[in-house]
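Notes follow once the structure below has been shown.
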Amino acid sequence: MSWEVKAPRFPESISEGTIAAWHKAPGDTVHRDELLVDVETEKVTIEVFAQESGRLEKILKDAGATVLSEEVLALLEVSAAVPATAQQAVSKQPAPEKAEAEKAAAIDTSTSTSKAPRTSPAVKKLSAELGVDLETVEGSGRDGRILRADVQRAADDAKRSERQASIAGISAGEAPPVGEGGEALTSIGSASDEARVERRVPMTRLRASIARRLVEAQHNAAMLTTFNEVDMSEVARMREKYKDQFAARHGGVRLGFMSFFVSAAVEALKRFPAVNASIDASDIVYHGYYDIGVAVSTEAGLLVPVIRDADALGLAQIEEQIVQYSAKARDGKLSLEELAGGTFTISNGGIFGSLLSTPILNPPQTAILGMHKIQQRPVVVDGDIVVRPMMYLALSYDHRLIDGKEAVQFLVTIKEMVEDPARLLLEI
């Protein structure tokens, strides 16, 4: 009996995906819940697992193929005899032999795990495209995890070494190297110069989606940006005073700046409902909930996981969700549900050193808040010049729905709450 391996059901916002990589080949034995294939969408890479045990009979969609929601990807012969896994074989052995087998299996697993490169399916796909052996790449991520930048760097280094060797050979009077198509590979400029090479690779579906949505946002919205600055002294003082108690009380969760801005944004959205609304054709949709998207930068591109019902969460719960989302984003484990929706977005370019920028709307939302680098600057307070930690804030908004007065007052509200955090508790 054949079992159909189908693509996952995509949400309405995603129409199709691309086969990133198959982890099994036709004829391979497959066990239930074993990873079969990675499907890359414009937001995340989805792992498809086997629902039954059997033998992979036929692959209908090869790597690189475009697939639709719940489209059949392969056929699995479930009636085929499936050899027992190592764990199943061990469980059938007598007690003394079982102990020895478990010990051997543990040693084997430990050895294989230590040798296997830790990385994501997207990075494995890139390494295959560039011809880079992951075993030779040194990972710069957490716990030695191999990132896209590490693979790209290894490919560039290999290409540079190859080109320099070719140049050295030509200088010595050897015949120029020949490419796969029979063309001569020569350097640009003198033989003593390093070759100027170009590399052309297709956009990932995520990067193409980001590009499309950003262009749509600029073409379809009357986007303006208003700016202000906020004195971070009180928040910084509060963090320093209570950071140890906060972490001890909330299981090690650290008190960051982002939770203050999320909470301040929620209170400001309550006062200015248009900023929490969206435009649907000729209708205005006012959302009675506060789902705040927090932009997270990854090797693959910018992702915006959503903190649901942020108005019902405390600072610790917000910080905990942000930490979880950041870890999932780095590992490519964010789900479509965690990325879908959102009524307002916050982006923090300050972590990369940005002093001032104009964030672009995240459609169909009508506003986005941009945070920036905290910098010690001289300011006038009560007639005296003092040095304070200051941050520029930027609010980009859709002028079709939000008037300039509302946008300015909304941003001033956030400024006042962050400068005096007691307002968040008193809701004033």
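The values are calculated or read from the model by the stated rules, or taken from the named source; none is laboratory data. None of the values given here were measured: they were computed from a predicted structure. Note that we place each Cβ from the backbone using ideal geometry, even for glycine, and neighbour counts take in every protein chain shown. With ligands, DNA and RNA removed, areas are computed over all heavy atoms of the protein, side chains included. Shrake-Rupley method; radii C 1.70, N 1.55, O 1.52, S 1.80 Å.
Couple of notes before you dig in:
- From most to least packed by mean Cβ count within 10 Å, the peptides 58-65, 263-270 give 263-270, 58-65.
- Surface accessible to a 1.4 Å probe, per residue, for the residues of segment 215-372, Å²: 47
- Taking amide H as placed 1.01 Å from N in the peptide plane, the amide H of residue 57 sits under 5 Å from that of 27, 75, 76, 77, each at least 5 places away or on another chain.
- For segment 316-402: relative contact order, % (alpha-carbon pairs under 8 angstrom, 6 or more apart): 24
- Rounded Å value of the spacing that divides the Cα centres of segment 210-242 and segment 279-339: 15
- Taking a Cβ cut-off of under 14 Å around residue 243, the surrounding Lys, Arg, Asp and Glu residues balance to a net charge of +2, with basic ones at +1 and acidic ones at -1.
- Here segment 350-428 and segment 2-51 have alpha carbon centers that stand 43 Å from each other.
- Candidate residues 260, 272, 227: accessible-area rank, largest first, probe 1.4 Å: 227, 272, 260
- Fraction of accessible area attributable to carbon and sulfur, segment 1-66 (%, probe 1.4 Å): 44
- Whole-Å semi-axes of the ellipsoid equivalent to segment 317-428 (Cα gyration tensor, √5λ, descending): 28, 20, 15
- Over segment 1-46: Rg over Rh, Cα atoms, Kirkwood Rh: 1.01
- With semi-axes defined as the square roots of five times the eigenvalues of the C-alpha gyration tensor, the equivalent ellipsoid of segment 362-428 measures 26, 15, 12 Å, largest first.
- Whole-number D in µm² s⁻¹ for segment 186-306, Kirkwood Cα-pair radius fed into Stokes-Einstein, 37 °C, 0.692 mPa s: 167
- Under 12 Å, Cβ to Cβ, from residue 27 - net charge with Lys/Arg +1 and Asp/Glu -1: 0
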